[in-house]
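So the structure is just underneath, and the comments pick up after that.
The values are calculated or read from the model by the stated rules, or taken from the named source; none is laboratory data. In this text, all values refer to a predicted model and were calculated from it rather than measured experimentally. Note that we place each Cβ from the backbone using ideal geometry, even for glycine, and neighbour counts take in every protein chain shown. Accessible surface areas use protein heavy atoms only, side chains included; no ligands, DNA or RNA. Shrake-Rupley method; radii C 1.70, N 1.55, O 1.52, S 1.80 Å.
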Protein chains: 2
Amino acid sequence: MAKKFSDLRAQMKPEALQRADAEAKTLLAEMPLNELRQARGLSQKMLAEVLHVQQPSIAKIEKRTDMYLSTLRSHIEAMGGELDIVARFPDGSVKISNFADLGKTAAL
Amino acid sequence: MAKKFSDLRAQMKPEALQRADAEAKTLLAEMPLNELRQARGLSQKMLAEVLHVQQPSIAKIEKRTDMYLSTLRSHIEAMGGELDIVARFPDGSVKISNFADLGKTAAL
């Protein structure tokens, strides 16, 4: 069965392979949520306005080390991004698609 | 401030750049948790044993569309992988580091 995983790229359509490669090659760096917000040129106040919450809620989210995927997705979408959940293995990484349909208006 | 984001790669050390590229280029495909488990050659029963839970708990996790990051991390680590949380923007992607220290033994 492990063979199935390692042969995955061979089974993929060229378009899917290109898309995966294009998405993957733009990985820039690793940083916490507050640094990402600053790198996007956003203040806590601006993000709070987009999400219709008070500024302390944003500060709280940025300090958390665990949260619901839907909460994180809302937060990242408010910054203009998309949340990708990736399972990384020594022989390759897979994007987990279970959560693709999470509500875009999930509560904080 | 947006400049900071777009110039990020230029500011990175060569080692960090290489690591980001190496991690990124191995993205294989997109699939739900149950298919990933099968691709890893694991049954629900095997995964349940690793996580010290009953088999129905695994079935339940695989059907969820939202969950705590810590729960998902435990599930993926039980399959031998690592969870990466990525914020994808049109001009590049960033791995979110807030959750890197999530307990490896978080409850399901």
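How large is the accessible surface of residue B:82 in square angstrom, using a 1.4 angstrom probe and rounding to the nearest 10?
My reading of the accessible area for residue B:82 is about 70 Å².
Just give the residues from segment B:33-62 buried by at least 50 square angstrom of accessible area in the all-chains context relative to the isolated chain, probe 1.4 Å, and say none if nothing qualifies.
B:36, B:39, B:40
Whole number in Å², please: accessible area per residue of segment A:31-95, 1.4 Å probe, ligands, DNA and RNA not counted.
Roughly 42 Å² per residue, with all protein chains present.
If every alpha-carbon in segment B:33-95 counts as one equal scatterer, what log10 I(q)/I(0) does Debye give at q = 0.12, 0.21, 0.23, 0.27 1/Å?
The calculated log intensity ratios at q = 0.12, 0.21, 0.23, 0.27 Å⁻¹ are -0.33, -0.84, -0.96, -1.23.
With a point put 7 Å past each Cα toward its Cβ, work out how far residue B:34 is from residue A:38 in nm, to one decimal.
Distance between label points: 4.5 nm.
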